[in-house]
Each structure stands twice: as C-alpha cells, then as structure tokens.
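Chemist: Sharing a structure, written as structure tokens. Questions coming.
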Amino acid sequence: MSDQQVLGEEQPSFHADDYEKKWIGVSIVLLVAFAVTVAVAGFALGFQVPGDESRVDPRTVADSGPFSQPGLRDLGGGEYDAYILSQQYLFTPREIRVPAGSTVNFYITSIDVQHGFKLQDTNINMQIVPGQVSKLTATFDDPGEYPYICHEYCGIAHAAMFGSLIVEAGGGS
Amino acid sequence: MTTLKPQPTYEMTGQEKRFIGLHLVVAIFALAVGSLFGPLQAFEWSGLDLYQYLEPIGLDDYYKGLTAHGVLNALVWTTFFITGFLTLTTIVGLRRPLRYPKLNQVGFWMMVVGLVMAAVPILAGWASVLYTFYPPLEASWAFYLGLTLVVVGSWIEGYGFFFTYIAWRKENQDVRTPFIAFGGLITMAMWQIATLGIAVEILTMLLPYSLGLTSGTDPELGRTFFWFTGHPLVYFWLLPAYISWYGMLPKQAGGKLFSDSLARLAFWLFLLLSIPVGFHHQFVDPGIPSGWKAIHAALTYGVAFPSMLTLFTVVASLEYAASRRGGKGLFGWIRALPWNDPSVSAQLLAGILFMFGGIGGITNASYDVNLVVHNTAWIPGHFHLTVATAVTLSFMGISYWLVPHLTGKPLWKPKWALVQTWLWFVGMVIFSNAMHVLGLLGAPRRTELGTAPYVPDEWNGHLLRVSIGGAILLVSVIMYVVTMVRTAAQKERVAVGEEVQIPIAESLRDPQLTPLWLDTWRPWIIGTVLLIVLAYGPQLYDQITNASFSSPGFGP
Ligand code: HEM
Ligand SMILES: [Cu+2]
Ligand SMILES: [Cu+2]
C-alpha cells in the first residue's frame, strides 16, 4: 500500500472505465442472445427434454402394468410406444424394430440402480432413475441400426449394457 | 472517509506456516495418488489394459480406480489445497492471526480423519460408487461418514475464518476488507450454504440406509440434493484460483489489479448465482418439470456473467502489467509477460484453457443442446479444462511460490517446473480435444470403453489421442510432485533477504474508494437465500412431500 493515491475529497463510488462498461454491455447482450436462441430451439422448434412423467414403485413395477411386458405397442398411424426396463446390466427388450417413418415414444424405468439411455445419432438422451419413468419421443426417417447405450455407471459390467433399435426400410411392420 | 496508512505485510509465524503446509502435504499426496488412475483409464480406452498388472495390489477394477480418481482429485486435492490457501488469504489479507487457531486445527484434523475413513472402503472395493455416489448404488457407511467429516471439517475451518474476520472488523470499522481476504470469505460463505444439499442427502438418506436403519432411498430426490451442492462445488474450486488471478497474479506479472469494484462485484455475483442453478445437471432427469429446468438454464447464463467480468479484469490487469514492462500491440503485449516464471506461466496457461472450458460450459448449460453431450465423454473433456486445468494448474502455479515461502527453501529447478506447466498445457489440449470429439460421436463417460461391445471403429483414433494426452499429463504430474518433494526436502535455504514473498497485488484505484455496498454482507446473503428459495423452493417442496423411500440399495 505504499504508492497509493492521495484521496483528497474523492468519495467512494462504483468505478468502471469506458472499456469495462462496453464489455459489460457486450456480455449481457451475448448471454441474452444465447438464452433466446435456446428458448426458441426448445419451445418453437420443439426440441424436448424429459419432464415430470410418472412415478412407479421400483420393487413392483415389473410385476404388473405396461412394464410387466416390456416392448413395442403399435398405436396405429405409424406411432409406437416402447416400454423398456433397465436393470444391471441389460435393457429389456434388447432389440426393437420399427419401420422407417415411425414415431416412437420411449418410456423407460429401472428396477434396481440408476442407468442412462442414449440412443446414438438422435436427440434421445435420458437418465433412468428407479421410481421414475423417463419419457422422450423421436421420429425415425432413416433406416439403419441405432444402438442404445447405458451411459450412467451402474456397476461392474456397465460397459456391456446396450441394445439396438433397428429402423427397417420400406414400411410395413 | 479513512485513509489507509502504508502497512507492513503480515509475517506468518512458523506455526502458521506449518499448519498451511500440512494442508498442502495432504493435497499434493491426494493429487499424486489420484492422478495415477487418470492415465490408466485413458490407456484402457485405447485398448492398453494395465489394470491386469495391478491385481496383486487390489487395484484391478476400473471403477474402483475411477472412484479414487474422482474423490482424490476433485474432492480431496481441491478441498485441502483450498482450505490451506484460504487460511493464508485470511490471515495475510487481514494482517492478523486466526482468532481461534485451535478451532481451525480441529477442522483440519477432522478432514484428515474423514479422508482416511473414506479412503479405506474405496481401496477395499466397498465404495465403487464414483464420486457422485448416486443412490441406490450402495457404499459402505464408512464412505459416507468419511465424506461427511471432510465437509464438516471444512465448515469448521470456515467458521475459524469468519471469527477472524469479525475480530478484524471490530478493529477496522471503516476499512474495506483487503481483497484476497474478501474473496476467501465469500468462497467459504458460498461453500457453507451450498454443502447443505449433500449434508441433507447423506444424513437423511445415505447414511441411514447404508447402516440398515431404513430400507431405501428416493433416488431422484437424492440427485436434486446432490446437485444443489454439485454445481456450486465447481465455484468452490474456481474462486480460489480467481483470488490468485485477480489479487496475486497481477503483482507477479509486475502490475496491479485493474478494477477493485468490478472484482468485488464478480465475487458477490458468484455467491448470489452459483447455487440456484443445479438443475442444469438434471436437464435429462425424469421427475423434474421442464419449466424448472428452463429457469435454472436462464440463471446459469446469469452466473456466466461474473466469469465474463473476470475475463475482462484479469486480461486488463495483465495488459497493464505488460505495458509497464514495455509490451505493445493488440496481442503483442502477451509476450512481454514474465513467462519464464513457472508460477506465472502455469496460471496464464490455465487461464487460456479456461476460456475454452467456459465456452464448453455454456454449451452444456444450454438446455436442449445438453441432450447431445449429457453423460458423454464431452463432459470429462470439459471439466478437465476447468477443474483439472484452470483450477489444478493454477494451484500448481500458486504452490511454486507458496511452498518456497512456507519452507524458506528455493524452488527446486525452476526450469523443470516451467516445462511441467507446458507439458500440462499440451497434454490437456490433446486429451480434452479428443474427449470433446468422442462425446459428440456419442461415446459414454464413466465407462470401461476398452471392453464395451458397441465401440465403432470411428472412435479409435480419438481414443488413442486420449491416451497420448494422458501419457503427457502423467509425465507432467510426476514432474510436479517431484518438484514439490525435492523443494521441501532439500537442505539448501534461501539467503536472508531473498525470501520468496507472498505476491499481493495493489489496486489501481484505492480500495477505500470502492463503494460500501460492495463490502457489506447482509444484503448479499439475504439475496442469496431468497434466490435459492425462489429457484429451488417449490420443486424441492414437491419432491420432498411426494418422496417415496422405496428404492432398496444395490451393490455395484
Ligand atoms: C493426470 C492426468 C489426468 C488424466 C489422464 C485423467 C483422465 C481421466 C479420464 C480418461 C476420465 C474419464 C473416465 C471415464 O469417464 O470412464 C477421467 C475422469 C475424471 N477426472 Fe481425470 N484425469 C487426469 C487428472 C485429473 C485431475 C487433476 C482432476 C481433478 C482435479 C480430475 C478429475 C476427474 C473427475 C472428477 C473425473 C470424473 C469421474 C467420474 O465420472 O466419476 N482428473 N479422468
Ligand atoms: Cu450402466
Ligand atoms: Cu454446473
């Protein structure tokens, strides 16, 4: 504190020089622009994140109700519900087949620990939490194999936990 | 209006130096052990499985190692370094000893006991639950209790700082809190509020069920409590580095703190905004309405604002330093900084990589964009730029003056230390770039990818780059630890009058001219609590009243 300015009559005040003020302005504009872009993408273009779907009892969810028979339900009009059960270290079912152009609602829960569900090359990415149902929807126009990978550590054989969604060309199921 | 008379810097006693030194011993030991697992993981990803050779010492399990890596590096190295460093900023900043040194000693030893208590089950394989310990993956009760003691010990050290501040304030009514002490106190205050989340999670759910007192947990509620703490945790790591960047690095570079007002404003905003943003880690969770997620996304952009202020002030302070050293030009001034000082080079390189870490962070926080990267290798790619570089490399840089200061011994081979900082930089550029790319290609994190059946050929080149970066980082971390040990262990002492001083930067403008509202606690604390209640209250209330502790524990 040796070469401090002599204070004289100057009173305390919030001090920012011109560059600082400009930078503050730029920062705010930038962050607001990001927020708007993301909001537009989320609400206008319909990119969804999972929400509050429904709760289940992890001890009994596999005994009755839709998760007692995991798999695909044809809702007609090219729309399907897929019920998937996760447990250490597998997804049931391990394979799902739908025709190209289908829209699939994924409902997933776990009967033991937390898991993850990432459907490669799509925007389907969810935490799977016991006691909760995770839901997202996607439409598949391009035929091919889409692996679904458990991306939340669930125990020693976690790296082996995956399944496949196969989108078949040429309609008709 | 009080004018500050020139004051002598505070000379720490031998006892105080030893106390801070003990923190560093534990911190550096944790980093040394914890970091060894990082390269093992990286090599495993590219098909080089070294775990098989570690079977004789019981470390052949990827996830046991990953738990140790996360806990020792992200929790132990950071927390011990930070509590030690904040002890220094408190007493040296306020120019007075701790008010109750015994209290701080109790806090420290409680942390040590907690560390041992958590380390035993980790190494024994009874706690391979990773450093996020999400229920219902169940660990030994000793692991949870150990972590609790570490947190409570850090609280107690924090109380010690607050009592010291109160005592100082009584004797210094009209004086602005010296900046480094100010920053440390805010960091600790934020930490005390933030850790309430995991404290509640552990005490109400994890400890009881691991002791067999209850039959289960509510895992989603557990995640909400965890991330209440988990996001501000990153600011607990980062703010001490910011204290150094704002309040010390300018001095080391030959300049001054450019804007005292803006620096203080940034710290208050971190207190205010770093907690009510935790849902940005739960964007893809079930059980939380998307509206709440969007609110936290917006607040997360808010907490990016003080980081942008930091970028400006730190760069301006450095530019000022460089211009005093004759540096010129739009970017040319950067070369005029004292790059040959390993402490400076470490922190400058840390800052450069942090800019990329920040950009990645804004991506992660972007609500729907998060769908692309959540739980992929992108995320560890991101936080090895932040906690493992911005923070870790800065702490390494700090220790390059701190350890000589504490021991009275010169830094062992400064040139070697300089090379160490550059190797970290180069290794991390390769490592983290490859991790980010892998994430975009869909590679999951926390996964023993060498054994995964679904790895496409497309990933292989990047997995190889992860292990090349990992190898360079391994060399760098070994060089760092050797430098620290050799510095402390050598016989040579620095000559009288040549002692390494604590770098404390002055402000360009007298801090007494900073307005009082930037040095007043009450409104900011009230604002912080209020914002937390608004951003968390309704959803937390909903999750607690609808909680169902029906999820029994499972072993990994
Ligand atoms: C020596 C250099 C290092 C290397 C090569 C390295 C490598 C890695 C790799 C490959 C992973 C991902 C493992 C996986 O997701 O399966 C990882 C995770 C992690 N690393 Fe590092 N790391 C290093 C240093 C550090 C440091 C210094 C810190 C913190 C201060 C750190 C903190 C973490 C954390 C928190 C995780 C996440 C653990 C989890 O997902 O549970 N690492 N590291
Ligand atoms: Cu898994
Ligand atoms: Cu966060």
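The values are calculated or read from the model by the stated rules, or taken from the named source; none is laboratory data. Owing to the predicted nature of the structure, the values given are computational and were not obtained by experimental measurement. Cβ coordinates were reconstructed from backbone atoms using ideal geometry, including for glycine residues, and neighbour counts include every protein chain displayed. These area figures cover heavy atoms from the full protein model, side chains too; ligands, DNA and RNA do not enter into them. Shrake-Rupley method; radii C 1.70, N 1.55, O 1.52, S 1.80 Å.
Chemist: Describe numerically, in nm with one decimal, the distance between label points set 7 Å from Cα along Cα→Cβ at B:TRP517 and at B:LEU22.
Modeler: Here the answer is 4.3 nm between the modelled labels.
Chemist: When the helix-only estimate is applied to the protein assembly as shown (DSSP H runs of n ≥ 4, each -39,500 (n - 2.57), divided by the residue count), what is the mean residue ellipticity at 222 nm, nearest 500 deg cm²/dmol?
Modeler: After summing the helix terms and dividing by the residues of the protein assembly as shown, the value is -17500 deg cm²/dmol.
Chemist: Work out the mean other chain Cβ neighbour count within 10 Å for the residues of A:145-158 and drop it here as an integer.
Modeler: Partner-chain Cβ atoms within 10 Å, mean over residues of A:145-158: 6.
Chemist: Express in % the proportion of alpha carbon pairs of region B:409-500 at distances exceeding 22 Å.
Modeler: 47 percent
Chemist: A further question follows. Express in Å², to the nearest 10, the accessible area of B:PHE225 obtained by rolling a 1.4 Å probe over the protein heavy atoms while all chains stay in place.
Modeler: Near enough 20 Å² of accessible area.
Chemist: Reported to two decimal places, what Rg/Rh ratio describes region B:230-306 when computed on Cα atoms with Rh from the Kirkwood expression?
Modeler: Reported Rg/Rh, Kirkwood definition of Rh: 1.12.
Chemist: Can I ask one more? Please report, in Å, the Rg and the Dmax of region B:90-176, where both are computed over Cα atoms only.
Modeler: Rg and Dmax of region B:90-176, Cα atoms, are 17.7, 55 Å.
Chemist: To continue, here is another question. Give me the percent of accessible area attributable to carbon and sulfur for region B:12-205, probe 1.4 angstrom.
Modeler: After summing per-atom areas, the C and S share lands at 70 percent.
Chemist: Please list the radius of gyration and Dmax for region A:72-124, considering alpha-carbon atoms only, with Å as the unit.
Modeler: Expressed in Å, the Cα Rg and Dmax of region A:72-124 come to 11.9, 35.
Chemist: With the solvent-accessible surface defined on protein heavy atoms using a 1.4 Å probe, which residues belonging to region B:299-329 display a reduction of at least 10 Å² in accessible area in the multichain context relative to the isolated chain?
Modeler: B:TYR301, B:PHE305, B:MET308, B:LEU309, B:LEU311, B:PHE312
Chemist: Using heavy-atom solvent-accessible surface (probe 1.4 Å) with all chains present, what is the largest-first order of B:LEU438, B:LEU411?
Modeler: Accessible-area ranking of B:LEU438, B:LEU411, largest first: B:LEU411, B:LEU438.
Chemist: Taking both sides together, what accessible area is buried at the B/A interface, probe 1.4 Å, expressed in Å² and rounded to the nearest 100?
Modeler: For B against A, buried area totals roughly 6400 Å².
Chemist: Figure the gain on full extension for B:ASP60 and B:GLN15 (residue separation times 0.36 nm, minus the Cα-Cα span) and round it to one decimal in nm.
Modeler: Gain in length upon complete extension: 12.1 nm.
Chemist: Amide H of B:THR177 versus every other amide H placed in the peptide plane: which residues, excluding those fewer than 5 positions away on the same chain, fall under 5 Å?
Modeler: It is none; the list stays empty.
Chemist: Amide H neighbours of A:PHE91 under 5 Å, at least 5 residues apart or on other chains, H built in the peptide plane: list them.
Modeler: Here the answer is A:PHE162, since their amide H atoms fall under 5 Å of that of A:PHE91.
Chemist: Counting only protein heavy atoms and using a 1.4 Å probe, what share of the accessible area of region B:324-468 belongs to carbon plus sulfur, as a whole percent?
Modeler: 68 percent
Chemist: Between A:GLU10 and B:ILE166, what FRET efficiency follows from the Cβ-Cβ distance if R0 is 45 Å, with the result rounded to 0.05?
Modeler: 0.95
Chemist: Sticking with this one: Semi-axes, largest first, in whole Å: what does sqrt of 5 times each Cα gyration tensor eigenvalue give for the protein assembly as shown?
Modeler: 45, 27, 25
Chemist: Let me ask something additional. Largest first and in whole Å, give the semi-axes of chain A's equivalent ellipsoid, each being the square root of 5 times a Cα gyration tensor eigenvalue.
Modeler: Details: eigenvalues 492, 97, 44 Å².
Ellipsoid semi-axes (Å, largest first): 50, 22, 15.
Chemist: While we're here: With a 1.4 Å probe and all protein chains kept in place, how do B:SER46, A:SER64 rank by accessible area, largest first?
Modeler: Ranking B:SER46, A:SER64 by accessible area, largest first, yields A:SER64, B:SER46.
Chemist: Can you give the mean number of other chain Cβ atoms that lie within 10 Å of the Cβ atoms in peptide B:253-259?
Modeler: 1
Chemist: While we're here: How many Å² of accessible area per residue for chain A, probe 1.4 Å?
Modeler: Value for chain A: 46 Å² per residue.
Chemist: Counting only heavy atoms of the protein chains, get the accessible area per residue of chain B (1.4 Å probe) and round it to a whole Å² value.
Modeler: 35 Å²
Chemist: While we're on this one: Any idea of A:GLU145's accessible area? Nearest 10 Å², probe 1.4 Å.
Modeler: My reading of the accessible area for A:GLU145 is about 120 Å².
Chemist: Report Rg/Rh for region B:34-105, rounded to two decimals, where Rg is the Cα radius of gyration and Rh the Kirkwood radius.
Modeler: Computed over Cα atoms, the ratio is 1.27.
Chemist: Summing +1 for each Lys or Arg and -1 for each Asp or Glu, what net charge is found among the other residues whose Cβ lies under 12 Å from the Cβ of B:THR520?
Modeler: Here the count lands on +3.
Chemist: Whenever you get a sec, compute what percent of the accessible area on region A:51-168 sits on carbon and sulfur atoms (1.4 Å probe). Walk me through the numbers before you get to the answer.
Modeler: Numbers: 1820 of 4100 Å².
C and S fraction of accessible area: 44 percent.
Chemist: Turning to a different aspect of this structure: For B:SER215 and B:VAL152, FRET efficiency with R0 = 30 Å and r from the beta-carbon atoms, rounded to 0.05?
Modeler: For R0 = 30 Å, the calculated efficiency reads 0.65.
Chemist: With the solvent-accessible surface defined on protein heavy atoms using a 1.4 Å probe, which residues belonging to region B:54-78 display a reduction of at least 30 Å² in accessible area in the multichain context relative to the isolated chain?
Modeler: Going by heavy-atom accessible area, the residues of region B:54-78 that drop by at least 30 Å² are B:TYR63.
Chemist: List, by residue number, every residue in region B:200-246 with a reduction of 40 Å² or greater in accessible area between the chain on its own and the complete protein assembly, 1.4 Å probe.
Modeler: B:ARG223
Chemist: Between region B:77-138 and region A:96-173, how far is it from one alpha carbon centroid to the other, in angstrom?
Modeler: 40 Å
Chemist: On to the next question. Residue by residue through region A:78-93, which ³J(HN,Hα) values in whole Hz follow from phi under the Karplus form 6.51 cos²θ - 1.76 cosθ + 1.60 (θ = phi - 60°), with glycine and proline marked x?
Modeler: x, 10, 9, 9, 10, 9, 10, 9, 10, 7, 4, 10, 8, 9, 10, x
Chemist: Rounded to the nearest 20 Debye, what is the dipole magnitude of the protein assembly as shown about its Cα centre when Lys and Arg each give +1 and Asp and Glu each give -1 at the C-beta?
Modeler: Values: 40 positive and 50 negative charges, 533 e Å.
Value, rounded to 20: 2560 debye.
Chemist: Please report Rg over Rh for region A:107-147, where both radii come from the alpha carbon positions and Rh follows the Kirkwood definition.
Modeler: 1.03
Chemist: What Kirkwood Rh does chain B have if only Cα atoms enter the pairwise 1/r average? Answer in Å.
Modeler: Numbers: mean 1/r = 0.0415 Å⁻¹.
About 24.1 Å, per the Kirkwood formula over Cα pairs.
Chemist: Ignore the peptide's own chain and count Cβ atoms of other chains within 10 Å of each Cβ in B:541-552; give me the average, rounded.
Modeler: 3
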